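Enquirer: To start, I am sharing the structure in question, which I have written as structure tokens.
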Amino acid sequence: MKTDAKDAVHLARQYLESPATRMAFDAEHETVLATADRRDRLDQAITQMAT
């Protein structure tokens, strides 16, 4: 399942009352976005190698 920009915007707008919860959420959300970017780069590299 791929995460798109619409999903990222929706998640970033979530209201979290606790500052600690917000910080934890933001850290993990950044990890998800970085992992998705890495996956996309790997997919592109694999496609280039296959052609």
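Enquirer: Which of the GluC sites (Glu not before Pro) found in the chain are in a DSSP loop and have at most 11 neighbouring Cβ atoms, other than their own, within 10 Å?
Expert: Listed in order of number, the matching sites are GLU17.
Enquirer: What trypsin sites (Lys or Arg not before Pro) does the chain have in DSSP loop regions with at most 12 other beta carbons within 10 Å?
Expert: Hits after loop and neighbour filter: LYS2, ARG13.
Enquirer: Send over a whole-number figure in Å² for the accessible area per residue of the chain, probe 1.4 Å.
Expert: It amounts to 88 Å² per residue over the chain.
Enquirer: Here's a follow-up. Quick one: with all protein chains in place, what share of the accessible area of the chain is carbon or sulfur, to the nearest percent (1.4 Å probe)?
Expert: That share works out to 60 percent.
Enquirer: Can you give the convex hull volume of the alpha carbon atoms of the chain per residue, in Å³?
Expert: So the per-residue Cα hull volume is 65 Å³.
Enquirer: Can I ask one more? Considering only ALA20, ALA34, ALA12, give the residue with the highest GNM mean-square fluctuation for the chain, with springs between Cα atoms whenever their separation is below 10 Å.
Expert: Maximum fluctuation in the GNM of the chain, among the listed residues, is at ALA20.
The values are calculated or read from the model by the stated rules, or taken from the named source; none is laboratory data. Source: prediction; values computed, not measured. Every residue, glycine as well, gets a Cβ built from its backbone with ideal geometry; the counts of neighbours run over all protein chains shown. Heads up: the accessible areas ignore ligands, DNA and RNA and are worked out on the full protein's heavy atoms, side chains in. Shrake-Rupley method; radii C 1.70, N 1.55, O 1.52, S 1.80 Å.
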